[in-house]
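S.K.: Sharing a structure below in structure tokens format, with a few things to ask.
The values are calculated or read from the model by the stated rules, or taken from the named source; none is laboratory data. Model, not experiment: these values are computed from the prediction. Because the Cβ atoms are built from the backbone with ideal geometry, glycine has one as well, and the counts that use them run over all protein chains shown.
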Protein chains: 4
Amino acid sequence: VNLDGILPPVATPFTSSGEIDLAALSDNAARLMRTGLRGLVVLGSNGEAPFVDRDELARVTSTARGAVPADRLLIVGTGAPSTRQTLLATRAAAAEGADAVLVLTPSVFRSQMTADALVPHYRAIADDSPVPVLLYNFPAATGVTLPVGAVEQLSAHPNIVGVKESSGDVAVVADLVSRTPEKFSVVVGAAASLYASLVLGADGGVVAVANVIPELCVRLHTLVRAGNHGDALALQRAITPLARAVTTDYGVAGLKAAMDIAGYRGGVPRMPLRPASDDVRKKIAALYESVMTAA
Amino acid sequence: VNLDGILPPVATPFTSSGEIDLAALSDNAARLMRTGLRGLVVLGSNGEAPFVDRDELARVTSTARGAVPADRLLIVGTGAPSTRQTLLATRAAAAEGADAVLVLTPSVFRSQMTADALVPHYRAIADDSPVPVLLYNFPAATGVTLPVGAVEQLSAHPNIVGVKESSGDVAVVADLVSRTPEKFSVVVGAAASLYASLVLGADGGVVAVANVIPELCVRLHTLVRAGNHGDALALQRAITPLARAVTTDYGVAGLKAAMDIAGYRGGVPRMPLRPASDDVRKKIAALYESVMTAA
Amino acid sequence: VNLDGILPPVATPFTSSGEIDLAALSDNAARLMRTGLRGLVVLGSNGEAPFVDRDELARVTSTARGAVPADRLLIVGTGAPSTRQTLLATRAAAAEGADAVLVLTPSVFRSQMTADALVPHYRAIADDSPVPVLLYNFPAATGVTLPVGAVEQLSAHPNIVGVKESSGDVAVVADLVSRTPEKFSVVVGAAASLYASLVLGADGGVVAVANVIPELCVRLHTLVRAGNHGDALALQRAITPLARAVTTDYGVAGLKAAMDIAGYRGGVPRMPLRPASDDVRKKIAALYESVMTAA
Amino acid sequence: VNLDGILPPVATPFTSSGEIDLAALSDNAARLMRTGLRGLVVLGSNGEAPFVDRDELARVTSTARGAVPADRLLIVGTGAPSTRQTLLATRAAAAEGADAVLVLTPSVFRSQMTADALVPHYRAIADDSPVPVLLYNFPAATGVTLPVGAVEQLSAHPNIVGVKESSGDVAVVADLVSRTPEKFSVVVGAAASLYASLVLGADGGVVAVANVIPELCVRLHTLVRAGNHGDALALQRAITPLARAVTTDYGVAGLKAAMDIAGYRGGVPRMPLRPASDDVRKKIAALYESVMTAA
């Protein structure tokens, strides 16, 4: 699985009655695929995955597959509270055409989610999964940390092909790169650290802001690969404020508002999440204008 | 809903192949109902609720109903990541005979789970639920706090009848008692604070250790109601070490091991949780002996 | 050292030029000693101890001693970052007439402040101190926890005579009472848990709000000792909102504002702390009126 | 103040009786000054500053000044709990020849250490200080965060010339660089992020491991300035494990043990810190061998 590039963790649109809006998803996916993105990730954290039931996951995967050409990647988030639920979701995603699955660390009984529990969990999934597995560490969201040593151990499994690291700590990214095999992919989930992570050896990025400004995220990746550090750093600085607004600052509701502003079909999240307020929409619109002007 | 008493949040037994063991559940429930417990809570945190799918929830509820007489309470945990999933689980529980539902605060996007999101979430559920709703605050597990002010506000809803408070902070318990109507129930989820909470006005307790030593937990409640503070405090001190072992110290695996030791059918949790080690089983057995001797 | 009662951790008044106002301190102490308080604690956290240099500590102690009769207790906070500094402060306090010293856990390199470091620290101080030593655990302020097991171990030292527990967790208070010798004192530092702690076996309380409403705090203690639980609990509820305002909510500045309102000499804290705003003063005045009316 | 380079936050050696060992300090300083280091920082966190009294600070400063040539920098840590104490320490450091002072955020009443308190604190110090002031943000140690916005505001003060950022978050470093004037220095305190921070625009580093392997730290800085990213990144990876061992993993005791191993005079920290165990010394020796071989 070649992850050298940028993939957006796509938002899941809903109809006004709260059903999944497959038409809007298909539109967004098709438009994103007209840029230089490496592929799509559906049902990551930004896709409100925990709010989406297993039968809905199958429909989302199948719809996305229809929009992602065979030479790009369709990755599906299938992490669930238990190993058993994760296995079932993984099989469903593979059956509908996923190229790989992205498995967030389980976090329900988080004080017990040490390497002793996480390593057997990931092995059980990788043994069973019909498609390659990507590990996913996002401590700020889950309260659980997948230690670098555990990733090192798991990277020896033939069906575990990479890790998405969203801690934002570039020293961890550097550690992961140096302690895993060459062919094992390290992608970063924190857009504010994208430039630094790529410089430190990450393959690519799965960053929420790539739902809004995919071309600029791709350009940043291209600049780093070309060794153009000055322009890459300037672009990183231009992107960071919007990247933060659609994640840390305003969450999924902010991301969806930003997509509306950029001409994608965002809409509102499922409850208990609240829609972005008018005030937040204005702030995001200003940040979007600002990055489009600067870049 | 009269919650003046003790209810165990019952563990969910599984067969060796990982299916729900309804026979074991039924046995445990029947035996528990031969004590002075006020009723049962199924699919709380200790019931590994997030690992249990909605169709399984229906079977667990129906089985438990078969064992709980009409004059005792069957409460079902139905909290889920989204409002929509919680509504569906609540309807399923009510259809299978639940007397009330216990709804843990959602916690997926926890930084956004403020009162602004939680109050409309609970209102939507209470408006729709065929049975009374109990709020459930457990910050150590969820990373989310349901503020006392939000409980006060929600206590005005005719279908919201109480709160389970598991922060362990008795000042919060005292606040809840004084800021909600007389008929609104406050039950405590932290066994180590059970005596203090009852003295401060809590109605009862939903405590994991009541799966193991139900008679002693009931006796503690009875002693407080009788004004026998000295004996109640001594019993609290005897119970606390085991209560901690089956929650904070060793989690659900420890609770299930303690149930095995006490003659109930515990078994092992679903993965990614690990079974209790032999060493932990020995420690728990010693604590069990100790409390049975002391009391 | 008999700690059966209430002691205020007295605020340290400053002149407008930022020097210690010994006259104001003396006035406050004399007035407090006309109530039923068991004594005074100077240079606790609420006394801005870390802002007060060692030569100032000597003057504060000597001034307070002048106001505290021989049959009441003068306790001086002498905890400092290093063991050496704590020893020097302890000797200074003893030389000026302290009956005992209160030693907050050191917290500078807090990740290393485990029992392995804390136990030898306290032993070194107790071995050297001319007066009895009280341990002091206040995790919310220091980020360091003195484990119950360490207190148990230290309670065997002939010159360590008690502990002030300010975690607010009454289960910890109960543990401390049951795991230390009868003559070892347990006092509680969290006013919101005062009633519950006394019921669970604590000797007394060292609570900030006793700088403002000493008579009511003493009455609460007396009611519990008389077995009058109903009135005690009602009084606890009346006191709690003001108690929180002068600690958690508005800190030392809030405490000093409340003292001004109650006719004591509070004034403003040393920088970098800010004085209470007018808005905060109004809120505190309302809470003070409310508790004086209710009680 | 030109901070383009590497400065070690030097450890403070003590004699066996716990006094400051000025001879050892002088030896270390002289030897460090024979490398390409930009200067020295005395009495930073790694210098056990909170354990060092004001009269000792004067002697440490004066001794270090004797070893640091006029064309290198001597920076003294003077942050103290109160503004007043910080002013006194700052004047003492300036009187003994400090080129600048490094002022850690106060942290005693940490919940109140917001920008509203920190900005006036730093202004008061900068107004009074005879020498330039560097801000210092180290959230993991203090529990307090100096927000980027506050640094931006303070960077307009003529006597505030830079910031040491030790959060380890390179996105914050990048923000600081882009939101402060060109002549305002940004130095990084987290060695694991040194390479990434320099790439993102930091001037230099004040990193504990530069007490042990100063030449390698200087070489890393030189490689980045020369645009040799490949070698710089490889060197960063070689340095990181030792850098972590002497900070996060084993603290000041570990740093002093590493100095002993490298031929400097480390010794043991003041109590309550514990000396490094033999086991830790062996681990550190192995890491030191490893980085010396690799580099």
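S.K.: Quick one: how many residues across the stretch A:238-271 are within 14 Å of chain B (Cβ to nearest Cβ) and touching a strand residue (DSSP E or B) at 6+ places or on another chain (Cβ under 8 Å)?
M.R.: Total meeting the criteria: 3.
S.K.: Tell me which residues, restricted to the stretch C:266-284, are part of a helix (DSSP H, G or I) and closer than 17 Å to C:Ala210 by Cβ.
M.R.: C:Ile284
S.K.: Let me ask something else. If only one of A:Asp27, A:Asp71, A:Asp55 is in a helix (DSSP H, G or I) and without any contact (Cβ under 8 Å) to a residue 60 or more places away in the chain, which one is it?
M.R.: Of the residues listed, the single one that is in a helix (DSSP H, G or I) and without any contact (Cβ under 8 Å) to a residue 60 or more places away in the chain is A:Asp55.
S.K.: Report, by residue number, each residue of the stretch A:100-123 that is of a type in the set (Gly, Ala, Ser) and without any contact (Cβ under 8 Å) to a residue 12 or more places away in the chain.
M.R.: A:Ser111, A:Ala117
S.K.: Just a yes or no: is a residue in the stretch C:102-115 farther than 27 Å from D:Val144 by Cβ and modelled with pLDDT of 95 or more?
M.R.: Taking the stretch C:102-115 and keeping what is farther than 27 Å from D:Val144 by Cβ, we get none.
No - not one qualifying residue is present in the stretch C:102-115.
S.K.: Mind telling me which of the residues B:Val188, B:Val101 ends up being under 20 Å from the mean Cα position of the chain (by Cα), away from every other protein chain (no Cβ under 14 Å) and buried (at least 20 other Cβ atoms within 10 Å of the Cβ)?
M.R.: Details: B:Val188 fails: away from every other protein chain (no Cβ under 14 Å).
Exactly one residue qualifies, and that residue is B:Val101.
S.K.: Do we have any residue at all in the stretch D:99-106 that's farther than 24 Å from D:Val206 by Cα and among the acidic types (Asp, Glu)?
M.R.: So in the stretch D:99-106, the residues farther than 24 Å from D:Val206 by Cα come out as none.
No, because not a single residue in the stretch D:99-106 is farther than 24 Å from D:Val206 by Cα and among the acidic types (Asp, Glu).
Yes or no, residue by residue, for (1) buried (at least 22 other Cβ atoms within 10 Å of the Cβ); (2) within 25 Å of C:Leu176 (Cα to Cα); (3) within 14 Å of chain C (Cβ to nearest Cβ); (4) touching a strand residue (DSSP E or B) at 6+ places or on another chain (Cβ under 6 Å):
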{"residue": "B:Val199", "(1), (2), (3), (4)": "yes, yes, yes, no"}
{"residue": "B:Ala202", "(1), (2), (3), (4)": "yes, yes, yes, yes"}
{"residue": "B:Leu273", "(1), (2), (3), (4)": "yes, no, no, no"}
{"residue": "B:Lys283", "(1), (2), (3), (4)": "no, yes, no, no"}
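S.K.: Among D:Thr90, D:Thr145, D:Thr83, D:Thr61, which is the only one that is within 15 Å of D:Pro9 (Cα to Cα) and not aromatic (Phe, Trp, Tyr)?
M.R.: On the way: D:Thr90 fails: within 15 Å of D:Pro9 (Cα to Cα); D:Thr145 fails: within 15 Å of D:Pro9 (Cα to Cα); D:Thr83 fails: within 15 Å of D:Pro9 (Cα to Cα).
After ruling out the rest, the residue left standing is D:Thr61.
S.K.: Moving on to the next point. Can we say A:Thr78 is buried (at least 21 other Cβ atoms within 10 Å of the Cβ), touching a helix residue (DSSP H, G or I) at 6+ places or on another chain (Cβ under 6 Å) and of a type outside the set (A, V, I, L, M)?
M.R.: For A:Thr78, the condition - buried (at least 21 other Cβ atoms within 10 Å of the Cβ), touching a helix residue (DSSP H, G or I) at 6+ places or on another chain (Cβ under 6 Å) and of a type outside the set (A, V, I, L, M) - is met.
S.K.: Moving on. Can you pull out every residue in the stretch C:80-99 that is under 15 Å from C:Thr61 (Cα atoms), touching an Asp or Glu at 6+ places or on another chain (Cβ under 9 Å) and in contact (Cβ under 8 Å) with a residue 40 or more places away in the chain?
M.R.: C:Thr90
S.K.: Select, from C:Arg72, C:Arg34, the only residue that is of a type outside the set (Val, Ile, Thr) and surrounded by fewer than 16 Cβ atoms within 10 Å (Cβ to Cβ).
M.R.: C:Arg34
S.K.: I'd like to know if the stretch C:110-117 contains one or more residues that are hydrophobic (A, V, I, L, M, F, W, C), within 14 Å of chain D (Cβ to nearest Cβ), in a strand (DSSP E or B) and within 26 Å of D:Met271 (Cα to Cα).
M.R.: No: zero hits.
S.K.: If C:Leu134 satisfies every condition in (1) within 25 Å of C:Ala208 (Cβ to Cβ); (2) part of a helix (DSSP H, G or I) but one, which is the exception?
M.R.: (2)
S.K.: Does the stretch B:137-185 hold any residues that are within 14 Å of chain C (Cβ to nearest Cβ), part of a loop (DSSP other than H, G, I, E, B) and at pLDDT below 95, and which are they?
M.R.: Within the stretch B:137-185, B:Ser167, B:Gly168, B:Asp169 meet the criteria.
S.K.: Can you confirm whether the stretch C:63-77 contains a residue that is under 18 Å from the mean Cα position of the chain (by Cα), under 19 Å from C:Arg270 (Cα atoms), away from chain D (no Cβ under 14 Å) and at pLDDT 95 or above?
M.R.: no
S.K.: Let me ask you something else. Which of the residues belonging to the stretch B:156-194 are touching a Lys or Arg at 6+ places or on another chain (Cβ under 9 Å) and not small (Gly, Ala, Ser)?
M.R.: Correct list: B:His157, B:Ile160, B:Val161, B:Asp175, B:Val177, B:Val186, B:Val187, B:Val188.
S.K.: Somewhere in the stretch B:99-114, is a residue within 24 Å of B:Gly36 (Cα to Cα) and out of contact with any Leu (no Cβ under 8 Å at 6 or more places or on another chain)?
M.R.: no
S.K.: Let me ask something additional. From (1) under 18 Å from the mean Cα position of the chain (by Cα); (2) free of Cβ contacts under 8 Å to residues at least 60 places away in the same chain, pick out the condition that doesn't hold for D:Asn46.
M.R.: Checking D:Asn46 against (1) under 18 Å from the mean Cα position of the chain (by Cα); (2) free of Cβ contacts under 8 Å to residues at least 60 places away in the same chain, the one that fails is (2).
S.K.: Looking at this structure, is B:Asn159 closer than 28 Å to B:Thr248 by Cα and not acidic (Asp, Glu)?
M.R.: Working: closer than 28 Å to B:Thr248 by Cα: no; not acidic (Asp, Glu): yes.
No; evaluated as a whole, the condition is false for this residue.
S.K.: For the stretch A:209-230, check the following and say yes or no: at least one residue is within 14 Å of chain D (Cβ to nearest Cβ), surrounded by 24 or more Cβ atoms within 10 Å (Cβ to Cβ) and of a type outside the set (Phe, Trp, Tyr).
M.R.: Scanning the stretch A:209-230, I find at least one residue that is within 14 Å of chain D (Cβ to nearest Cβ), surrounded by 24 or more Cβ atoms within 10 Å (Cβ to Cβ) and of a type outside the set (Phe, Trp, Tyr), so the answer is yes.
S.K.: Shifting gears a bit: Within the stretch D:118-127, is there a residue that is within 19 Å of D:Leu74 (Cα to Cα) and more than 14 Å from chain A (Cβ to nearest Cβ)?
M.R.: Yes; the residues of the stretch D:118-127 include at least one that is within 19 Å of D:Leu74 (Cα to Cα) and more than 14 Å from chain A (Cβ to nearest Cβ).
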